Amino acid sequence: MRYLILFGALLMFSLNSCKDNEREDPDADNLKMQEENFEESVEDLRERNSTVDAIEGNPELSTFATGLNVWNIEDTLDVVTDPYMVFAPSNRAYSRVYRQQGYDILETSPESVIPYHIVEANYTLEELKQEIRNANGSLVLPTFEGEEITFTMDGDKVVLVDANGVTANIMENFEIENGTAYIIDTVLLPAGLVEPVTITTEQ
């Protein structure tokens, strides 16, 4: 009986010590706070749904997303109130640009290349097709870079034509904070680049 009473006392002491440790463990409190902050950040991100967040969240657009950040797009879009469309080349599209000749320009001239892929208008895909038809098959829209992109039709498909005559096709689209993003299969280039960029036609 004496040993039983002693064992019970030790057991109660151990349980009370564990409870005290739980109350006094700063790591547990910090972990709980981090979890709450993370959940709040995720919720804020969902509510914000900014252009950069939406594009960075698409693994097919990681190269274009890098260009957006180099160009510092958020400073530009903060003052834009009208809707717009982003025509984002896929990673595969960037791989078609000759690496040494083209990559340097795409990296060092984001102020020319990236805003050339953002158009100062917003249409759903069906609305865009109708606007092209209304423009007798050739719709010209201004970009944030200052030059224009021409939109035409190939059957039921929308085709983009850049200032150099290079064409791109729309692969898919998704909504962004103030408009629509379209994934395209070719990097578009304005006419004002210092050096020409050769794009391969191999798939």
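The values are calculated or read from the model by the stated rules, or taken from the named source; none is laboratory data. These numbers come from a predicted model, not from an experiment. Neighbour counts are summed over all protein chains in view; Cβ atoms, including those assigned to glycine, are modelled from backbone coordinates with ideal geometry.
Is it true that residue 127 is assigned to a strand (DSSP E or B), surrounded by fewer than 17 Cβ atoms within 10 Å (Cβ to Cβ) and modelled with pLDDT of 90 or more? Spell out the reasoning first.
On the way: assigned to a strand (DSSP E or B): no; surrounded by fewer than 17 Cβ atoms within 10 Å (Cβ to Cβ): yes; modelled with pLDDT of 90 or more: yes.
No.
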The stretch 160-176 - residue that is surrounded by 18 or more Cβ atoms within 10 Å (Cβ to Cβ) and assigned to a loop (DSSP other than H, G, I, E, B) and, of those, modelled with the highest pLDDT:
162
Taking the stretch 42-81, which residues are under 23 Å from residue 121 (Cα atoms), of a type in the set (Val, Ile, Thr), modelled with pLDDT under 85 and assigned to a helix (DSSP H, G or I)?
51, 52, 73, 76
Condition first: assigned by TED's automatic domain parsing to the domain that holds residue 85, buried (at least 17 other Cβ atoms within 10 Å of the Cβ) and in contact with a Phe, Trp or Tyr (Cβ under 6 Å, 6 or more places away or on another chain). Can you find one or more residues in the stretch 146-157 that meet it?
no
The one condition residue 37 fails out of (1) modelled with pLDDT under 80; (2) surrounded by 12 or more Cβ atoms within 10 Å (Cβ to Cβ) is (2)
